[in-house]
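The values are calculated or read from the model by the stated rules, or taken from the named source; none is laboratory data. All of these numbers come straight from a predicted model, not from anything done at the bench. In this analysis, Cβ positions are derived from the backbone assuming ideal geometry, glycine residues included, and neighbour counts consider all displayed protein chains.
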Amino acid sequence: MAAAAGRCGRDPCGALCPLLTYLGVGYADYAVLAHVLPQPALRGSPWCPFHAAAFNLIVLLLLACHARAVLADPGVVPLPDTAIDFSDLRSGAPRKPERSQEDWTVCDHCEAYRPPRAHHCRICHRCVRRMDHHCPWINNCVGELNQKYFIQFLFYAGLASLYAAGLVLAAWLGPAGRSPAGMAAGGDVANNRVQTAHCIILLLESLFFGAFVTVVFYDQVMSIITDKTPLEQLRNRGLKEMNREGPRPLKPKLVLLREVFGRGFVLCWLFPWSCSTAPGTGPMYSPLPSRYV
Ligand SMILES: [Zn+2]
Ligand SMILES: [Zn+2]
């Protein structure tokens, strides 16, 4: 947490959004357990304990993925220990847009000597490898090393929203929920109103966050399988307009997905831990160009 706070601690939105996430998830769990599952249509069902356990498991995985996305290093490019004069590197390398994508560059903002596809984050004040975007919901950049956890967080948030909305609809539309006997079994009128109010709030929360995370999830998956981050899509659009976009070999989609989610068993993609069969085989990064080492 200290590392994440050190990276992006000065962003007030980055402090507020994770808090809203925890409040939203906490409320959803409370509403499901205290007001949706005790509804007449669900509480007598043998599936009721299963729904309680399954929803809590999804919430647990959601929070674990969120914590990993917040705390993990997104792929911050290390800075050299001592100040290095990169002026010859800057002035000696003429800008060739069609080849520059393949070359290491020096950041104008933090002076990091960075690999291809690294970008500077103006909130973290550091360069991040294959930076996708800075996300206030995790108070961190989404980059090469934590994109998997971010996507898992979106997946479980979407799943929890769908599950909660489904339970509310089942409570309302189920046979016991519609019958007068079922309504009477639900307790006094005031209690029924409170439960109905919580069900409506939960349904609206689920629809809003469910739609939001679905859109972001789709964007993330598309950026992986097209092998272009949003920043690169913007830059390529500019290069295309100048007719200077360089050729780029397109990898198979499964290879691109494995680069993000790991090379282990596909089922491991659902869990917030490393599932690479060959740890440490990724590209090596040096904070200095070879001529300075
Ligand atoms: Zn930088
Ligand atoms: Zn950032």
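Here are a few things to note about the model shown:
- Segment 197-237 - residue that is surrounded by 15 or more Cβ atoms within 10 Å (Cβ to Cβ) and among the small types (G, A, S) and, of those, modelled with the lowest pLDDT: S223
- Residue within segment 99-109 that is at pLDDT below 95, out of contact with any Pro (no Cβ under 9 Å at 6 or more places or on another chain) and assigned to a helix (DSSP H, G or I) present: yes
- The set of residues in segment 23-66 that are under 22 Å from Q147 (Cβ atoms) and without any contact (Cβ under 8 Å) to a residue 12 or more places away in the chain contains only L60.
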